[in-house]
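Step one of this worksheet: look at the structure below.
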Amino acid sequence: MSQLRRMMVCAVGLAILVGHCQFAIAADDVAVGHNGMVVSVSPEATRVGLETLQKGGNAVDAAIAVAFALAVTWPEAGNIGGGGFMMVHPGAGESPVCIEYRETAPAAATPDMFELGETHLGHKAVGVPGTVAGMELAHERFGSLPWEEVVRPAARLAEQGFVIEEKLAAGLTSIVDRSPQFAELVRVFSPPDGRQQWRSGDRLVQPELAHTLRLIAEKGADGFYRGAVAQQLAEEMRLGGGLITEKDLANYHANAREPIHGTFRGFDVYGPPPPSSGGICLIEMLNILENFDFEESDRFSAETLHLMVESMKRGYCDRARYVGDPAFTYIPPHLTTKEYARQLAATIRSERATSSESLAPEIPLAAEGTETTHFSVVDGNGMAVANTYTLEQSYGSRVMVRGAGFLLNNEMGDFNWKPGHTDRKGNIGTEANAIAPGKRMISSQTPILVTKEGQIRVVTGSPGGRTIINTGLCIIINLMEFGMSVREAVDAPRIHHQWFPDEIRFEGMERPEFAESIKQLENMGHAFYAGSRKQGDAHTIVIEPDTGLLQGAADLRRLGAAAGH
Ligand code: DON
């Protein structure tokens with residue numbers, strides 16, 4: 001096999017050995033292959049995924065191995081104490097499935113358990129974790145290698161440690177500095193040799209996490225939801241005033257759900273269903289945009305950006321109005337129909353911004369965390385996985401389960417905080433996403449699969465809190481409407497509007513080539529958020545229809561590595 005076909009691309013410019021091969025490294029390149037592709041934020045996790053494929057595992061085996069590896073190598077968001085959504089395309093002609101493993105409110109949760117303005121750190125903010133159950137369900141449905149074989153590499157990484165690079169060194173140093181009240185986190189993540197700071201080149205070894213992962217490898221999800229780990233977790237809750245009990249853990253289950261499906265310019269687009277808002281919101285926005293002709297438009301013209309932003313406002317407004325856990329909340333089916341999108345498209349004026357307030361004055365929105373992680377996997381048989389999972393904020397609740405070596409999420413903060421209390425500061429008190437025992441909180445996580453005639457064509461997704469859905473929209477528009485290459489589509493500046501606050505965030509804000517478009521948009525009544533924050537981290541794979549060539553592009557905004565074979 002040629003060097004090119006087995007190329008490894010690493011956005012941090014490290015040389016990495018994968019199996020017996022040294023792979024070519026290029027920070028701004030694309031990894032290619034015909035037999036499999038993995039793209040994630042972490043070079044070590046990508047390597048674990050590629051090795052899983054190389055030893056005969058399918059895309060789901062590799063995805064599970066990557067998910068457990070990220071819990072070791074990317075602790076701000078990779079997790080076993082959080083939850084997420086895994087979209088699986090089983091193979092040519094088969095229908096995608098969403099493995100939903102969102103966290104759940106414990107039985108003792110009550111609608112008014114949070115004070116307004118309370119920071120959502122600490123034990124009370126933890127939802128019953130879903131990741132381990134989600135991985136087990138994905139494995140039962142689609143896995144081909146033995147479970148132990150896909151979990152063990154992560155246990156080994158935790159036990160033997162791995163060399164950290166600059167971003168992780170800075171992240172660990174900072175979280176330890178900022179979390180003096182979380183003694184177990186400080187103990188586990190303190191720099192070596194009594195130093196104040198982690199340095200790139202240090203080794204992070206996590207023996208307690210290794211032990212927990214070995215239990216999961218041996219016993220499956222029971223190794224987490226029952227027995228010693230469940231006892232440790234419940235004890236942690238008792239000591240810290242949290243609500244989760246051993247019974248909550250034993251009752252947790254992941255769901256295989258039907259994805260939200262739509263079409264865009266002849267492609268089939270699949271996103272996760274509620275309790276994620278991502279699928280509905282994405283399809284609603286794409287349906288609106290399909291009503292316009294971009295043939296003569298530039299991707300960053302004021303006209304294109306205006307139509308994208310107006311679609312975003314309408315999609316996010318419906319998201320806030322209607323979406324919550326479908327077991328508790330009725331979600332009207334018309335949101336993803338072409339007819340409804342035609343009606344919404346007709347309300348967009350070509351020369352003028354619509355004020356968010358006029359769309360639904362009664363419901364502003366609260367903020368969400370910005371640290372999650374997404375990875376994409378495709379195998380040589382056309383099976384594909386888009387997985388997004390999270391602890392919610394960076395390092396979650398910061399509660400590290402004593403002696404068990406893993407962090408817990410603070411996902412209870414994704415519920416509406418105070419029933420009936422909606423205000424202009426961004427608090428929202430509507431019923432669809434109010435806290436209730438056993439309910440799953442709304443999410444923006446949006447792992448995306450695009451197919452044509454049953455064949456997988458694009459696998460993508462991103463972190464970024466509420467910006468996630470718009471990052472997915474930008475990638476799809478870049479690829480499907482403007483014909484960009486995967487590298488161009490991932491690199492292109494992203495845009496975000498979430499209905500409230502009524503302002504545009506644009507990564508290209510400070511670039512002179514966009515100044516004219518920005519000026520025109522302001523003249524149309526659009527407001528821009530000053531400054532340009534990075535939006536998302538969209539590790540993406542595109543599959544060429546004729547040749548089957550897999551092209552993987554790591555997003556260079558944070559860290560990332562794509563590897564194909
Ligand atoms: O599920 C959600 O929508 C949020 N908890 C995700 C938070 C997030 O993406 C933070 N990300 N980068």
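Here, each number is a calculation from the coordinates, and none is a lab measurement. Note that the structure is a prediction, hence the values are computed from the model and not measured. Every residue, glycine among them, receives a Cβ derived from its backbone with ideal geometry; neighbour counts consider all protein chains shown.
Taking label positions 7 Å along the Cα-Cβ direction at both Asp298 and Lys338, the computed distance is 3.2 nm, reported to one decimal. Each peptide among 434-444, 136-146, 516-526 gets the average number of other Cβ atoms lying within 10 Å of its residues, and from highest to lowest they stand as 434-444, 136-146, 516-526. Electrostatic bookkeeping for Gln231 treats Lys and Arg as +1 and Asp and Glu as -1; over the other residues with beta carbon under 15 Å from its beta carbon, the sum is -1. Between the amide H of Thr372 and those of Gly464, distances stay under 5 Å, these residues lying 5 or more places away or on another chain, with hydrogens modeled in the peptide plane.
What is the sum of charges around Gly134, taking Lys and Arg as +1, Asp and Glu as -1, for the other residues whose C-beta is under 15 Å from the C-beta of Gly134? Numbers along the way, then the final one.
Working: positive: Arg102, Arg141, Arg257, Arg440; negative: Asp61, Glu100, Glu103, Glu136, Glu140, Asp222, Glu411.
That works out to -3.
Around the amide H of Arg457, modelled in the peptide plane, lie the amide H atoms of Val450, Thr451, Lys452, all under 5 Å away and 5 or more residues distant in sequence or on another chain. Each residue of region 538-549 was assigned a 3J(HN,Hα) from its phi angle through the Karplus curve 6.51 cos²θ - 1.76 cosθ + 1.60 (θ = phi - 60°); the sequence is 9, 6, 10, 10, 10, 10, 6, x, 7, 9, x, 5 Hz, with glycine and proline shown as x.
Applying a 10 Å radius around every beta-carbon, put 85-94, 106-115 in order of their mean neighbour count, most first. The partial results should precede the final answer.
Numbers: 85-94: 21.5, 106-115: 16.3.
Ranked by mean Cβ neighbours within 10 Å, highest first: 85-94, 106-115.
Protection proxy ranking, highest mean first, for peptides 96-104, 286-294, 209-217: 96-104, 209-217, 286-294, where packing is the per-residue count of other beta-carbon atoms within 10 Å, averaged. The slack in the chain from Ser355 to Glu115, taken as 0.36 nm per residue of separation less the alpha-carbon distance, amounts to 83.4 nm. Distances between placed amide hydrogens fall under 5 Å for Thr329 paired with no residue 5 or more residues away or on another chain. Computed 3J(HN,Hα) for region 384-389, one whole-Hz value per residue from the Karplus formula 6.51 cos²θ - 1.76 cosθ + 1.60 where θ = phi - 60°, is 9, 9, 10, 10, 10, 8, glycine and proline marked x.
Placing a label point 7 Å from the Cα of Glu258 along the Cα-to-Cβ direction, the residues of region 428-455 with a backbone N closer than 19 Å are 449-451, 454. Using a 7 Å offset from the Cα along the Cα-to-Cβ direction at both Thr547 and Lys247, what is the distance between the two label points in nm, to one decimal? Going from the Thr547 label point to the Lys247 one covers 6.0 nm. Rounded to whole numbers, the Karplus 3J(HN,Hα) couplings from phi for region 199-204 are 10, 5, x, 5, 10, 9 Hz, using 6.51 cos²θ - 1.76 cosθ + 1.60 with θ = phi - 60°, and x at Gly and Pro.
Spatial offset of region 163-215 relative to region 482-539 amounts to 35 Å, using the alpha carbon center of each.
Restricting the calculation to Cα atoms, the chain shows an Rg/Rh of 0.95 when the hydrodynamic-style radius is the Kirkwood one.
Simple rule: put +1 on each Lys or Arg Cβ and -1 on each Asp or Glu Cβ in region 241-316, find the dipole, and look at Leu243, Pro272, Phe292; the Cα lying farthest toward the positive end is Leu243. Taking a Cβ cut-off of under 10 Å around Ile348, the surrounding Lys, Arg, Asp and Glu residues balance to a net charge of +3, with basic ones at +1 and acidic ones at -1.
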